[in-house]
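The values are calculated or read from the model by the stated rules, or taken from the named source; none is laboratory data. Owing to the predicted nature of the structure, the values given are computational and were not obtained by experimental measurement. Cβ: placed from backbone, ideal geometry, glycine included. Neighbour counts: every protein chain shown.
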C-alpha cells in the first residue's frame, strides 16, 4: 500500500462527507452503512500502516482519526442523541484534512 497522501486524504474526506450527508438526511440505515465504510477503511489502513511502506504523513492522518473512528464512532452512531457531536467531529476532521500538507 503505497497510496499517495493526497489519495488517502481524498478517500477519507469523501467517506467523512458521505457520513455527514447521511446524518443530515436522517436515514439511519444509510448512516450505518456510511459509518461502516469509514470505520472499515480506517481500520484497514491502520492495520497495515506498519506492515508496508506507508508515508509518515499518511500515518499522521490515521493517528488523527483512528481512535475515534474505530473505537467510539460505531457505538455513538447507534444513538441519535450523539449525531450532533458526530457531525462536529467529522467537520473538524475534514478541516484538519484540508490543512494537512
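Quick one: how many residues across region 44-55 are surrounded by fewer than 14 Cβ atoms within 10 Å (Cβ to Cβ) and assigned to a helix (DSSP H, G or I)?
Count: 3.
Based on this model, can you work out whether residue 38 counts as under 17 Å from residue 18 (Cα atoms) and either modelled with pLDDT of 95 or more or outside any loop (DSSP other than H, G, I, E, B) (or both)? Working first, answer last.
On the way: under 17 Å from residue 18 (Cα atoms): yes; either modelled with pLDDT of 95 or more or outside any loop (DSSP other than H, G, I, E, B) (or both): yes.
Yes; evaluated as a whole, the condition is true for this residue.
With in a helix (DSSP H, G or I), at pLDDT 95 or above and touching a helix residue (DSSP H, G or I) at 6+ places or on another chain (Cβ under 6 Å) as the only criterion, which of 62, 32, 90 stands out?
90
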